[in-house]
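The values are calculated or read from the model by the stated rules, or taken from the named source; none is laboratory data. Since the structure is predicted, the reported quantities are computational estimates derived from the model, not experimental observations. Heads up, the Cβs are rebuilt from the backbone with ideal geometry, glycines too, and the neighbour counts pull from every protein chain shown. The protein model used for the area step is the full one, side chains on, heavy atoms only, and it has no ligands, DNA or RNA in it. Shrake-Rupley method; radii C 1.70, N 1.55, O 1.52, S 1.80 Å.
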Amino acid sequence: MWREYSSGYMKNNRSSGISIIAAAFISALLLSLLCGVFYNLWKYEIERIQIEEGGWQSRIEGKFDEEDIKAIRNFPGIEDAAVKESESQNQDTVVDLYFKNIRDVLIDTPRIAKIVGISPEDITYHDELLAMYMIRDSKDTAPRLTLPFFILITVMASVSLILLIHNAFAVSMKGRIHQFGIFSSVGASPKQIKTCLIQEAAVLCAVPIIAGNLLGIVSCMGLLKMTNVLAEDISGRHKAVFGYHPFVFFITLFVTMFTIGVSVWLPARKLSRMTPLEAIKNSGELQLKKKKNSPILAKFFGIEGELAGNALKAQKKSIRMASLSLFLSFMAFTLMQCFFTLSGISTRETYFEKYQDAWDIMVTVKDTEVEAFSDTEEIQSIPGVRSAAVYQKAMAKRLVTEEEISEEMKENGGFSHALEDQVIQTEDGWFVNVPVVILDDASFLSYCEEIGIMPRLDGTVIWNQIRDVTNPDFRHPEYMPYVKGENPASVLRNFDNADMAAELTVLAYTDEVPVLREEYATLDYYELVHFVPVSLWKEIKDTIGKTEEDTYIRVLGRENVTLDELNTLQREIDGLLGGKYTIESENRIQEYETNDEQIQGMMAILSSFCILLAVIGVSNVFSNTLGFVRQRRREFARYMSVGMTPGEIRKMFCIEAFVIVGRPVLFTVLSAVILVWGMIRMSYLNIGVFLAEAPFLPISIFMIVVVGAVIFAYYLGWRNVRKINLSEALRDDTMI
């Protein structure tokens, strides 16, 4: 009987069935596409990190024998352990660890280090890679918000899609309460009614769900290919390869089916709590349980505003879902636009603009010590080179006594804010880390002239600045003198063996640094940076040790240099050094343009993602508004029977559309302002800088399109209302 009833109902109510089929298909398609895009973005970012930085998950550094290596490789949960030489000069060994289950990395790495006698300070975690699996080391202070942000956007859009399915069923089921009340009065149980609804849902939605999921996978594949074509000219970008995990398919299928099941179960549950008489009396028309006034709408729009307000309150639950769907779409789009705008501004300010006068070409000479590099003069004599500095970096330690500390630093708390791995307190004072920048002699002499001291090669220059650690504003840091600057000598100690020391004459304490593409004391604010000439370094290198493996060359071209000139200069330098050393070179303008291309490529992906969000929002609008209008034909027929003109009903429609779309827009604007203001405060960005580049245009276009969709949906409803036959609408209590 129920099978025959369901079959007959679906044949005689094709419009209701089509709306449910369309909602199920569109939701399954967009949900599958959304999850597929998110999975491939996540996969692509992991591939990028592995290509640029390696796929290791953690590493330990020290001195290991064969038994130690064997113990590491035999440790349960270790998939692989790659052994290589350390980049430092202390001849340590580095073991890169790969785990079978990446979530064991923070627990098992310290255990492995303990087994082979390595201190926790010699453990390094691949924080950027681990963050893509939502694994965070407590010592990692970087925000790493990309993955959580995309998860948030995906969840918001997914909820909007789930509401699309639910709303389609809610509109259809609400109009059938009267019919099922009649069935209940003649003995049908809630279980039988529930079975009827479930089998209808299964027949209507089985094929659309599967077809939508499969088409979503194909669409994701096509979107990825389109992205590769658009980003084909971006240098340094690896090609995205489509991937689709079975789990993604099953999760989208499960979410869609679960939503349909809940949407069917809710009206059946409501029927089970209603008496047959209550269900029979329900005509499917929207009614207020208690009369409420709408003073604001009535004041501005008169009787039409009052009626529109009552209609909106009668539809409160359904309207709430439509508003939530629109709000989620608006917020997802707005936050995504603002996030990437802030990210682009931050990258430009903290890198390109900050160092635009510090370098034009940077060359990394692999596995070469600065004293062994013999082509400094040749580079400096190349036509078009304004200046060239050759330098290497090392690390040492130094004791800072109580008497040396500046008064400003004492007033700021001294070393009380320092972490254990930054400062070691002793009876005589504090051991601090000392980055040593080893400059070629000519560059060091030029540096001495720049800071106004007698050029000499028999001493060191100390950068006597320390950041105010109580000021968290990394974008506008405040500095103060580190030490008093009265000590004529500085005793540097070996980083790993404090008994090995070298005393250096201090030529000057200064607040100026050489023109290099370097940033000092960024993570360890208590570092005391020393600059030494290479001729002096040759005398103390065996004592100090711990130099980095590579040497760097900073080249400045002529002022207002062009990209073509830099490319020519870069080729000359590569030709001079390429046959003698292993080098990597980059030029500033090309790097800037490459960054712009990468941003444009990301914006192409972002635009596709935002179009998807727009489709989700618009689909919800049509599903909700058309359903509401169709359900309320009898209400409008009654208004017309007592003399209300079509123009007045049209005005009522416009008011409802304005409220339906206006509230999500208002809440989005208010919420977005608060959240974006919070992001601006967290990044310490000047509000005026953001407002100058704020994405007002794309956000406005998105909202206008959705507002237009609401208006168009109500226009279609209004067109249907004009065709109402008053006598039939008022006579047939079951008409929807």
Accessible-area value, M226, 1.4 Å probe, nucleic acids and ligands omitted, Å²: 90 Å²
Full-extension gain in nm, E378 to V155, via 0.36 nm per residue minus C-alpha separation: 74.4 nm
Protein accessible area in region 494-554, 1.4 Å probe - carbon and sulfur %: 40 percent
Accessible area of region 333-413 belonging to carbon and sulfur atoms, whole % at 1.4 Å probe: 47 percent
S387 - accessible surface, heavy atoms, 1.4 Å probe, Å² rounded to 10: 40 Å²
Spin-label model distance (nm) - H245 vs Y355, 7 Å beyond Cα toward Cβ: 3.5 nm
Residues K114 and E85, FRET efficiency given R0 of 25 Å [Cβ-Cβ distance, rounded to 0.05]: 0.60
Computed lengthening from R681 to E53, 0.36 nm per intervening residue step minus Cα-Cα distance: 223.0 nm
FRET efficiency, 1/(1 + (r/R0)^6) with R0 60 Å, evaluated for Y715 and A71 via beta carbons: 0.20
Under-5 Å amide H pairs with V506, H placed in peptide plane, nonlocal only: T460, A489, S490
Per-selection Rg to Rh, region 376-513 - Cα, Kirkwood hydrodynamic radius: 1.00
Out-of-range pairs (alpha-carbon distance over 18 Å; input K484/K541; K63/K546; K484/K546): K484/K541; K484/K546
D574, D80, D473, D511, ranked by accessible area, largest first (probe 1.4 Å): D511, D80, D574, D473
Solvent exposure of region 331-381 as accessible area per residue, Å², 1.4 Å probe: 38 Å²
Solvent accessible area, Å² - H238, 1.4 Å probe, full protein context: 40 Å²
Residue order for V437, V689 - accessible surface, 1.4 angstrom probe, largest first: V689, V437
Around I49: net Lys/Arg minus Asp/Glu count, Cβ-Cβ under 13 Å: -3
Theoretical gain in end-to-end length, T582 to T364 [0.36 nm per residue, Cα-Cα removed]: 77.6 nm
